[in-house]
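One structure is given below, encoded as structure tokens.
What follows draws every value from the coordinates through simple rules; no lab data is involved. Quick caveat, the model's predicted, so the values are computed rather than measured. Using ideal geometry, Cβ is built from the backbone for each residue, glycine included, and neighbour counts are taken over all protein chains shown.
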Amino acid sequence: MTLDKTYEIIKDRPLPMSWEEYEKRLTQEWQTLLSSDPDEKEVQAFLEKHPCLLPGVFTMTITSGHYPFPNAVISQPPLSGIGEKIPDFMWFSTSSLEFQLVLIEIERPNKKLFTSGGNPTSYFTQAQTQLAHWRVWFENPTNQLVFNERFGTPHYLELRSFRLSLVLIYGRRNEFEGNPKLSKLRAGLVRHDEYLMSYDRLKPERKADGLFTAKLSENGFRAVAYPPTYVLSPGFANNYSIISGKEEAIDKCEWMSPERKEFIKSRFPYWEEWAKKKDRGVIAGDIE
């Protein structure tokens, strides 16, 4: 096994948008969207473009140093038989010991959690019941096997302890903030392995700046959207070849410069070919 690098990083390249610029612009756009009373489809589309806003990328229980498979959030994963409604997003999140599948349900931001009498609304109860459907489905070991086969769960993840984390993103903080009674009741509504978050909790996660959004098609994963901070890395190259539609998704990135788009698209083939090598040598934290 060679102890040298076997890949080449192009130093003279168009750079991605800086995290500082992206975070500032994204935060402004996100707040503008939430203030416009958006429907669920608008929020879904925005989060697909900016997956760093979504919780659970590095697990919901700890801050893991492991990136999710396949370096992407999965939008609207088709889990047939899991219930009436499929999740809006899904992370293959992981730590050194645990495979944590994070299923995320989003609702229209202006939906109320409580009635005027201080009881959970039917909208909230319905959303929380959907989480229960998902939990029951995954409690069946046969269903877990079906899931792993359909989504191509890597063998190294299957060997780890499995945990299902269910995230419900619902409502705005101003409904319960400053009201101790409602805040306490809200906390009491959360069940085991569930996480209830208001839209005000969603903030850009810097460590997720190089992750993108994909969907599962009949032929495997297909890229949906890339952020303008996206970078290529030898550490992620194993997954490039299992993602189709990369070039088209890069072209759709609104905040990425034309020069950067062309560079990224031109380098995908190089990294896919390099990843096929049996002896790839030392892999450092290089990016381009």
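Some notes on this structure:
- Long-range HN-HN contacts of Gly281 with modeled amide H, under 5 Å: Thr2
- Residue (of Leu216, Ala275, Gln128) at the positive-pole extreme of the chain, dipole from beta-carbon charges: Gln128
- For region 186-196, the Karplus equation 6.51 cos²θ - 1.76 cosθ + 1.60, evaluated at θ = phi - 60°, returns couplings of 4, 4, x, 7, 7, 9, 4, 6, 10, 9, 9 Hz by residue, with Gly and Pro reported as x.
- Computing Rg and the Kirkwood Rh from the Cα coordinates of the chain gives a ratio, Rg/Rh, of 0.99.
- Rounded FRET efficiency, nearest 0.05, which uses the C-beta distance separating Ile86 from Thr142 and R0 of 25 Å: 0.85
- Centroid-to-centroid separation of region 225-288 and region 167-182 [C-alpha atoms, Å]: 40 Å
- Using alpha-carbon coordinates, inclination of helix 258-274 to the longest axis of the chain, degrees: 70 degrees
- Rounded to the nearest 20 debye, the dipole size of region 1-150 about its Cα centre is 120 debye, using +1 on the Cβ of Lys and Arg and -1 on the Cβ of Asp and Glu.
- The distance between label points at His155 and Ile287 comes to 3.1 nm (points 7 Å beyond Cα on the Cα→Cβ vector).
- Counted over region 19-206, the DSSP beta bridges are approximately 45% antiparallel.
- Computed from phi, the 3J(HN,Hα) profile of region 157-167 under the Karplus parametrisation 6.51, -1.76, 1.60 (θ = phi - 60°) reads 6, 4, 7, 8, 4, 9, 9, 9, 10, 10, 10 Hz, with x in place of Gly and Pro.
- Backbone geometry of region 112-127 corresponds, through the Karplus equation with coefficients 6.51, -1.76 and 1.60 at θ = phi - 60°, to 3J(HN,Hα) couplings of 7, 8, 10, 7, 4, x, x, 9, x, 6, 5, 5, 5, 4, 5, 5 Hz, x marking Gly and Pro.
- Take every Cα pair under 8 Å whose residues are at least 6 apart in sequence, average their separation, divide by the length of region 19-206, and the relative contact order is 23 percent.
- Test item: Cα-centred dipole of the chain, Lys/Arg +1 and Asp/Glu -1 on Cβ, debye: 520 debye
- By the helix-only formula, in which each DSSP H run with n ≥ 4 contributes -39500 (n - 2.57) and the sum is divided by residues, the chain has a 222 nm mean residue ellipticity of -9500 deg cm²/dmol.
- Potential lengthening of the chain between Glu177 and Glu42 amounts to 46.1 nm, from the contour at 0.36 nm per residue minus the alpha-carbon distance.
- Comparing mean-square fluctuations of Lys278, Lys265, Lys85 from a GNM of the chain with C-alpha springs under 10 Å, the top value falls on Lys278.
- Per residue, the average separation of C-alpha pairs within less than 8 Å and at least 6 apart gives region 76-182 a relative contact order of 36 percent.
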